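In what follows, a structure is listed as structure tokens, so that the remarks can point back to it.
The values are calculated or read from the model by the stated rules, or taken from the named source; none is laboratory data. Note that this is a predicted model, so its numbers are computed, not measured. When we count neighbours, we look across all protein chains shown, and the Cβ atoms used for this are built from the backbone with ideal geometry, even at glycine. Please note that ligands, DNA and RNA were not included when accessible areas were found on the heavy atoms of the full protein model with its side chains. Shrake-Rupley method; radii C 1.70, N 1.55, O 1.52, S 1.80 Å.
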Amino acid sequence: MTATRLVHLSDLHFGAYVDLEQIAALERLLPEQAAAAIVISGDLSQRARHGEFQRALAFVELCRRIAPTLPIPGNHDVRWWASPFGLRGQGPKYRHYRRYFGDVLGPVLEVPGAVIVGTVSAHGLASGSVTWNPRDLTVKGHLARQEVMRAGAVFGGANPEACRVLALHHNVLRGQISNRWGLARPQEAQRRLVECGAELILCGHDHQEAVGRLDGGTVVATAGTHTFMTRGKRPSVFNLIDLDSGAITVYPMKWTGSSFEPGELTRYERR
């Protein structure tokens, strides 16, 4: 199996906090990566406003000229106030996002060496995301059982040699600095993600990069943010990920203030 390269970005937050220097650097760097696909795991906007989505769409269109690109919504892309707890249905929450990025919130992308399933964990103020912590009311996410079952069905029908990649917005691993989970009922969510057959999970939300494994198998790669709002004022990070028949290798690309430079890689054997 020839190595397949994925670019994993997250939390661009076009709006008040985006670092436009980083965006310009990404626009110069991405064409050089020979990527098979680009995954953007949510929070393309800051407040789900039209102008923010328009600038995000311009960036996504540039990515699409480089490689097939899969964006998914994050909690900042959801106009939850338009339908709290789904009182007016699910449509109003995602109307702005869908106008710019299409009706399908959880797209599927197949490229040589990988099948990538986008899933929706960002629901805003929703019963499945509520916890006892009032700070979580519109921030936490949840993965509905049917979303995980849909991903499992796609993985079950994929080429056996293809790496099974699941993308969601909320961090699956507990944040190192924030000490916070992105998903409500995180242990249950982790179990479902392992059971659906995902080999690699791509997520964001926590504004700090991380790499780890679930149950000694499924690899989780969390990307940072391209804003000034990083955890602990750490450098922003996106991920380059190489997939081959034997391993998943994650290269964190760290912002130095003028360019992105590779950090220490993490390599896991595929199971």
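Ala24 satisfies every condition listed in (1) in a loop (DSSP other than H, G, I, E, B); (2) without any contact (Cβ under 8 Å) to a residue 24 or more places away in the chain; (3) aliphatic (A, V, I, L, M) except (1). With the structure loaded, tell me whether Asp215 is open to solvent by 10 Å² or more (accessible area, probe 1.4 Å), within 30 Å of Gly157 (Cβ to Cβ) and modelled with pLDDT under 95 or whether it fails that test. Considered against the rule, which asks whether it is open to solvent by 10 Å² or more (accessible area, probe 1.4 Å), within 30 Å of Gly157 (Cβ to Cβ) and modelled with pLDDT under 95, Asp215 comes out as yes. When we screen Gly86, Gly51, Gly74, Gly118 for residues that are over 18 Å from Cys203 (Cα atoms) and either under 15 Å from the mean Cα position of the chain (by Cα) or open to solvent by less than 40 Å² (accessible area, probe 1.4 Å) (or both), the only hit is Gly86.
Taking the numbered list (1) in contact with a helix residue (DSSP H, G or I) (Cβ under 7 Å, 6 or more places away or on another chain); (2) closer than 27 Å to Gly124 by Cβ in turn, Trp181 passes all entries but (1).
Name every residue in region 249-264 that is within 24 Å of Gly197 (Cα to Cα) and open to solvent by 40 Å² or more (accessible area, probe 1.4 Å), in order of residue number. Listed by number, the list holds a single entry, Tyr251. Ala144 passes every criterion in (1) open to solvent by less than 30 Å² (accessible area, probe 1.4 Å); (2) in contact with a Ser or Thr (Cβ under 7 Å, 6 or more places away or on another chain) apart from (2). Listed by position, the strands (runs of 3 or more DSSP E) enclosed by region 163-271 that each have at least 2 residues that are without any contact (Cβ under 8 Å) to a residue 40 or more places away in the chain and within 23 Å of Arg28 (Cα to Cα) are 247-255, 260-262.
For region 198-212, filtered to residues that are among the hydrophobic types (A, V, I, L, M, F, W, C) and open to solvent by 10 Å² or more (accessible area, probe 1.4 Å), the residue that is nearest to Gly175 (Cα to Cα) is Ala210. Output the number of residues of region 174-197 satisfying the condition of being over 14 Å from Leu143 (Cα atoms) and either out of contact with any Pro (no Cβ under 8 Å at 6 or more places or on another chain) or surrounded by 24 or more Cβ atoms within 10 Å (Cβ to Cβ) (or both). Of the residues in that region, 7 qualify. Consider region 1-48 and keep the residues that are more than 18 Å from Pro73 (Cα to Cα) and of a type in the set (Asp, Glu). The one that is surrounded by the most Cβ atoms within 10 Å (Cβ to Cβ) is Asp19. Among the residues of region 219-248, those identified as open to solvent by 10 Å² or more (accessible area, probe 1.4 Å) and closer than 22 Å to Ile116 by Cβ are Asp242, Asp244, Ser245, Gly246. Of the residues that make up region 138-151, is at least one over 20 Å from the mean Cα position of the chain (by Cα) and not in a helix (DSSP H, G or I)? The answer is no; no qualifying residue exists. As a summary of the residue check, Leu70 satisfies the conditions (1) assigned to a helix (DSSP H, G or I); (2) under 17 Å from Ser121 (Cβ atoms); (3) not acidic (Asp, Glu) except for the one numbered (1).
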